[in-house]
Amino acid sequence: MTTRRGHSPLMIVLHRLLLTAGCAVALLISTTQPLRGQPPAPADQGVPRLIEGQVYTPGANAEVRPVGGSWVTLHRVAPGDAGPLDSARTDATGRYAISYRRAQADSAVFFISASHHGITYFSSPLANADIRGEDADLVVYDTASAAVPLTVRGRHVIVGALDSTRRHPVVEIFDLLNDTTVTIVASDDRPTWQAKLPDGAQDVRLTAGDISPDAVSVGDGEISIFSPITPGVRQIGFAYSLPVSAFPLALPAEGLVPMMELLVEDPMATVTGPTMEAVDSVETEGRTFRRYMGQDVPAGSVIAVDVPAPPAAPRTLYYTTIVVALGMLMLLALGRSVRRRRTSPLMNPGGGMSGDAEDLAARIAMLDASFQRRRNPTDAERQEYLRTRGGLKAMLTDALMRQDGPR
């Protein structure tokens, strides 16, 4: 990880956590409206560019089905301004063409989006040159009910030491595989995914991932996700706190778990369960987390985490932040390894990579599209939208400034 001089990776993560507090944005949202009469962006006084591609859904035997009549929207996100530039409707073969202008020195991020069955899909950032063919194609998916199964490919659990509230902070991250060619959507009475919470879990909240807090429900000892889940690997991270009486903590495996990872901060804690073995510890900000790994944990088995009686003096709440930040680090690292097809990093001429800028640009566009769908937003909703967008733009500015010059 590349960091600024004098700042550790953890401190940078903590800084971003503060910037992004309350800025969770849904990555899959309902249909955006076609654009008409949008004012041109300042960067449109430049070299003509052309995007020509196709919108399609995957079919059987590697075949594709074109999506005709779909609106494709071109987005531009820069440190000073952001918004949709233009849109075009696909023809009967799913093909579209959008022409625009881009200044030579423009360092903004450009990408396209299209909606299908109420779900909006985004491309990876577009290169500076004209884009045609596969690089400009956008894959969308049909939808199916939540009865479509999801497979847990990995589970990561971090158990922190006792904090000032006399509770243990816990972070869980699930790698979920949708091994189909349809986007899974929730029904009226069935979420897209659920996970059981331990007895005594409190302060349950999302920590990271592709899910909006509005699409999460907590009750009856479970956390339920109602957000659409697209094909491929998706990650869901959430945190909660547990009292001392909740230990030994039992973590059941409802199905086969190909990879199970556990990090415990208390040096006297023990971890037991099928295939679980101790590996190298993880140290950050002077805190050490003992690490355990398990491969192909059998369905129906239970991983147990036991923590001895608490010391007389409680730890400070600072350690709660350490645990959540460590969870964020794990999620970011894991996210790099599971990017879907054609989600390539944004490259600069020196070979550097701006994955942060790519993610933030997509979040801003998704937030804009979500807000545009609201017919009569309240003043409170408008203020929340502007506050969230301002925080994301500040982060994008910081990410762009860290690059080695213009693209």
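Given a Förster radius of 22 Å and the C-beta distance between Arg387 and Asp214 as r, what FRET efficiency does 1/(1 + (r/R0)^6) yield to the nearest 0.05?
Details: r = 16 Å, r/R0 = 0.71.
After rounding, the FRET efficiency stands at 0.90.
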So, with points 7 Å from each Cα along the Cβ direction, the Thr181-Arg65 label distance in nm works out to 0.9 nm
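What FRET efficiency would be calculated for the residue pair Thr93, Met259, taking the C-beta separation as r and a Förster radius of 41 Å, to the nearest 0.05?
Details: r = 42 Å, r/R0 = 1.02.
The formula returns an efficiency of 0.45 here.
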Just to confirm my numbers, what's the Cα centroid distance between the range 80-123 and the range 134-205 in Å? 29 Å
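If a/c stays under 1.5 just call it rounded; otherwise compare a/b with b/c (prolate if a/b is bigger, oblate if not). Do that for the range 173-288, with a ≥ b ≥ c from the square roots of the Cα gyration tensor eigenvalues. Provide the component values of the computation, followed by the final result.
Details: a/c = 1.93, a/b = 1.55, b/c = 1.24.
It is prolate, given that a/c is not under 1.5 and a/b is the larger ratio.
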A correct Karplus calculation of ³J(HN,Hα) over the range 93-109, with 6.51 cos²θ - 1.76 cosθ + 1.60, θ = phi - 60°, whole Hz and x for Gly and Pro, returns 8, x, 8, 8, 8, 10, 10, 7, 10, 9, 5, 4, 8, 6, 9, 5, 9
When each pair of different Cα atoms in the range 220-282 is counted once in the 1/r mean, what is the Kirkwood radius in angstroms, to one decimal? 15.2 Å
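Please list the three semi-axes, largest first and in whole Å, of the ellipsoid equivalent to the range 110-225, using sqrt of 5 times the eigenvalues of its alpha carbon gyration tensor.
Values: eigenvalues 237, 75, 31 Å².
Equivalent ellipsoid of the range 110-225: 34, 19, 12 Å, largest first.
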Per-residue HN-Hα couplings for the range 256-271, Karplus 6.51 cos²θ - 1.76 cosθ + 1.60 at θ = phi - 60°, whole Hz, x for Gly and Pro? 4, 10, x, 9, 10, 10, 10, 10, 10, 8, 5, x, 9, 5, 10, 10
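Read the figures in this text as sums done on the coordinates, not as results from a lab. Small disclaimer: the values here were computed from a predicted structure and weren't measured. Glycine gets a Cβ as well: all are built from the backbone with ideal geometry, and neighbour counts include every protein chain shown.
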